[in-house]
Amino acid sequence: MAAITGTLAYGGELAGKHKIVTVTSTLESASDTITLTAATHGITAITAVLGAVITGTIDANFCNIQVSFSGLVLTVVSIQPDGAASDAWAAATISITVLGTM
């Protein structure tokens with residue numbers, strides 16, 4: 001497991017105390033974590049993961065990601081077509097959009 005950086009790509013405020021945040025990152029292992037912060041990403045809690053996509057370097061041994069969260073930490077799991085952990089994530093880039101509270 002590697003702790004990777006989630007670069008803020010978009011931060012849009014909604015009515016009330018909610019904000020949509022999109023982060024991008026490059027994977028470093030079959031299971032990575034991205035920690036969001038109020039100072040960098042503008043949210044103090046994640047309400048939901050709205051979407052997650054692979055934006056570069058899909059191959060036969062890396063075709064899917066699963067994203068879960070706890071607090072402000074996103075966990076990204078890379079998966080092969082047969083459901084096993086991926087062993088081919090090198091230089092793979094992802095984009096994750098979350099709904100958070102400010």
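The values are calculated or read from the model by the stated rules, or taken from the named source; none is laboratory data. Quick caveat: nothing in here was measured; it's all calculated off a predicted structure. We place every Cβ from the backbone using ideal geometry, glycine too, and count neighbours over all the protein chains shown.
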Open item on the list: If the requirement is being closer than 23 Å to K19 by Cβ and in contact with a helix residue (DSSP H, G or I) (Cβ under 7 Å, 6 or more places away or on another chain), which of these qualifies: T44, T101, T33?
Closed with: T44
TODO: Pick out the one residue from T93, T44 that is without any contact (Cβ under 8 Å) to a residue 60 or more places away in the chain, among the β-branched types (V, I, T) and at negative phi.
DONE: T44
- [ ] Kindly establish whether V21 is within 14 Å of T97 (Cα to Cα) and at pLDDT 95 or above.
- [x] no
Open item on the list: Exactly one condition in (1) modelled with pLDDT of 90 or more; (2) closer than 13 Å to M102 by Cα is false for G16; which is it?
Closed with: (1)
Task: Residue identified as more than 12 Å from the chain's Cα centre (by Cα), of a type in the set (A, V, I, L, M) and surrounded by 12 or more Cβ atoms within 10 Å (Cβ to Cβ) among A60, A9, A38 - done: A38
TODO: Please specify each residue of the stretch 64-102 satisfying the condition of being assigned to a loop (DSSP other than H, G, I, E, B) and either farther than 14 Å from T26 by Cα or modelled with pLDDT of 90 or more (or both).
DONE: G71, L72, Q80, P81, D82, G83, A84, S86, D87, M102
Task: In the stretch 12-35, residue nearest to the chain's Cα centre (by Cα) [restricted to those that are part of a strand (DSSP E or B) and more than 30 Å from Q80 (Cβ to Cβ)] - done: I20
- [ ] Tell me which residues, restricted to the stretch 45-63, are out of contact with any Ser or Thr (no Cβ under 8 Å at 6 or more places or on another chain), aliphatic (A, V, I, L, M) and not in a loop (DSSP other than H, G, I, E, B).
- [x] I46, A48
- [ ] Could you list all residues from the stretch 43-63 that are closer than 17 Å to S25 by Cα and hydrophobic (A, V, I, L, M, F, W, C)?
- [x] V49, L50, A52, V53, I54, I58, F62, C63
